[in-house]
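First the structure, in the form of structure tokens, and then the observations on it.
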Amino acid sequence: METMVRLCVNNRPLGDQGIRGVRREFPGRVTVEPCVGYCGECCTDAFALYKRKLITADDPEELLVLLREQIGEMRSGDIK
């Protein structure tokens, strides 16, 4: 099953560097969209949607850590 992470192109705290970092970390599994429907988050937190769940962080590095944890839990759950 393909892991999908959705990012908003307008997410200011995530920024272009953060978007590139997430795309590098999860190649082929990230979509960058004009809007993902969390407009209040765009100005305050780095965020992504993973499996329809909102993942928020103070900065892009923390967001990557949280996404790794979420995706790792999903993968270990698939193995059982």
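The values are calculated or read from the model by the stated rules, or taken from the named source; none is laboratory data. Being a predicted model, the structure only gives us computed values, none of them experimental. Note that each Cβ is placed from the backbone with ideal geometry, even for glycine, and that neighbours are counted across all protein chains shown. Accessible surface is based on the protein model in full, side chains and every heavy atom, while ligands, DNA and RNA are left aside. Shrake-Rupley method; radii C 1.70, N 1.55, O 1.52, S 1.80 Å.
Of Arg52, Arg23, Arg29, which has the most accessible area with a 1.4 Å probe, and how do the rest follow in descending order?
Descending order: Arg52, Arg23, Arg29.
Helix 15-25: angle to the longest alpha-carbon principal axis of the chain, degrees 0 to 90, nearest 10?
10
List the pair-distance distribution P(r) of the chain, using every Cα-Cα distance, as the percent of pairs falling in each 10 Å bin from 0 up to the bin containing the longest distance, rounded to whole percents.
20, 57, 20, 3
Considering only protein heavy atoms, what is the solvent-accessible area of Tyr38 at a probe of 1.4 Å, reported in Å² to the nearest 10?
Accessible surface of Tyr38 is approximately 80 Å².
If amide hydrogens are placed 1.01 Å from N in the peptide plane, which non-local residues have theirs closer than 5 Å to the one on Leu14?
Close amide H contacts, sequence-distant or interchain: Phe47.
Select from Val36, Val65, Val22 the residue whose mean-square fluctuation is largest in a Gaussian network model of the chain (Cα-Cα springs shorter than 10 Å).
Most flexible of the set in this elastic network: Val65.
Distance in nm between label sites at Cys39 and Lys53, each 7 Å beyond Cα in the beta-carbon direction?
2.7
From the backbone phi of region 60-65, what are the Karplus-calculated ³J(HN,Hα) couplings (6.51 cos²θ - 1.76 cosθ + 1.60, θ = phi - 60°) in whole Hz, Gly and Pro given as x?
Running phi through 6.51 cos²θ - 1.76 cosθ + 1.60 with θ = phi - 60° gives x, 5, 5, 4, 4, 4 Hz.
Using a probe of 1.4 angstrom, how much of the accessible area of the chain is carbon and sulfur, in percent?
C and S atoms contribute 50 percent here.
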